[in-house]
Amino acid sequence: MRTLLVIGIGAGNPEHMTVQAIAALNRADVLFVPDKGAEKSDLSGLRHEICDRFVTNPATRRVEFGVPKRAEPTSSYRSTVDDWHEDIAGIYETLVLSELAEDGCGAFLIWGDPMLYDSALRILERVRNRGKVDFVVEVVPGITAIQSLCASHKMELNGIADPVLITTGRRLDAEGMPDNAGTVVVMLDGNCAFRNLKDKDVTIHWGAYLGTPDEIIVTGRLGDVEDRIVATRAEARAARGWIMDTYLLRKPGEPEEQDSRASAATTRPRA
Ligand SMILES: C[S@@+](CC[C@H](N)C(=O)[O-])C[C@H]1O[C@@H](n2cnc3c(N)ncnc32)[C@H](O)[C@@H]1O
């Protein structure tokens, strides 16, 4: 039986690789490394940097594969994603069948942690359901962008005994801040959805390229810093050709926001 390792590699800092992730890389006969295209070659580069640095098993080889672009959503976002996942499932199936021996071990290197806004596990389940190849899956957790964000801002994820909502820019735009959680973490936001929030007294803790040498973080009252974040984001994106950012919003009056860490609007490039 083939084994597929789904390894969280952290969200930008090679030093966020866990000991378990390093051992898993070295167990694999083949590392499957996505090539997301020129505009995100830095991301593919980071995966290669991780392999160069941590793979010591001479029998481990790398196989790059192209990831198809998702079509622009038409009538239904879900059906567009469904079609896209089916295409990727076909690619995974071919990779597993053509690159791994029947008792071989392959590994997928997943940005951050495989459980957070990532579909590798879902897609592998599709591959299994197509019925052409069987395998065992093992998951190795990784440091997520949310953990990096909180570490860089030196803050807790949750208010005291308070729930947290993790959502996307699209859903923040449509639904606003929830009634039942004092903290919201927003990912996958290409449009700065925070600009549309009515409550400008919310505190925002924003971070781009977290964990990398280019990390940028901004903190402050939303009304005071939103324009700065929008401008900083646009400038950084233009300079590098891509951006990944995550932010945490906390309602005013939450206990953590009353301390000195959040009292002043600050921008800190990484030392
Ligand atoms: C497809 S999701 C993958 C999340 C990943 N599985 C994780 O555990 O962090 C991509 C989103 O993660 C966030 N992200 C990932 N890496 C990041 C980084 N280095 N800095 C800021 N945000 C990041 C961004 O919100 C981006 O839109």
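The values are calculated or read from the model by the stated rules, or taken from the named source; none is laboratory data. As the structure is a computational prediction, the values presented were derived from the model and not from experiment. For neighbour counting, all protein chains shown are included, and Cβ atoms are generated from backbone atoms with ideal geometry for every residue, glycine included. Quick note on the areas: whole protein, heavy atoms, side chains included, nothing else; ligands and nucleic acids left out. Shrake-Rupley method; radii C 1.70, N 1.55, O 1.52, S 1.80 Å.
The table below lists the values:
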| quantity | calculated |
| --- | --- |
| Within the chain, helix-based [θ] at 222 nm, where runs of 4 or more DSSP H residues each add -39,500 (n - 2.57), nearest 500 | -10500 deg cm²/dmol |
| For the stretch 188-218 versus the stretch 78-142, the gap between their alpha-carbon centres in whole angstrom | 31 |
| Geometric extent, Cα atoms of the chain - Rg, Dmax (angstrom) | 19.9, 59 |
| Contact order relative to length of the chain, as percent, for alpha carbon pairs under 8 angstrom and 6 or more apart | 21 |
| Radius, Kirkwood style, for the stretch 82-137 when every pair of distinct Cα atoms is counted (Å) | 11.8 |
| Gyration tensor (alpha-carbon) shape descriptor, the stretch 49-186, a/c threshold 1.5 | oblate |
| Residue-level accessible surface for I217, protein heavy atoms, 1.4 Å, Å² | 10 |
| S44, S79, S98, ranked by accessible area, largest first (probe 1.4 Å) | S98, S79, S44 |
| Three-way shape call for the stretch 1-106 based on the alpha-carbon gyration tensor, with the a/c threshold at 1.5 | oblate |
| Label-point separation in nm, M1 to R128, each point 7 Å along Cα→Cβ | 0.9 |
| Normalised contact order of the stretch 154-204, rounded percent, pairs of Cα under 8 Å and 6 or more residues apart | 38 |
| Angle between the chain longest axis and helix 222-240 axis [Cα atoms, degrees, rounded to 10] | 40 |
| Helix axis angle, 77-99 relative to the chain longest principal axis, alpha carbon, degrees | 40 |
| Cleavage-rule hits, trypsin sites (Lys or Arg not before Pro), the stretch 68-174, DSSP coil, Cβ neighbours within 10 Å at most 14 | K69, R70, K132, K154 |
| The stretch 1-100, relative contact order [Cα under 8 Å, separation at least 6], % | 26 |
| Accessible area (Å², 1.4 Å probe, nearest 10) - Y117 | 110 |
| Rough spin-label spacing in nm, given labels placed 7 Å along Cα→Cβ, for S76 and L97 | 2.8 |
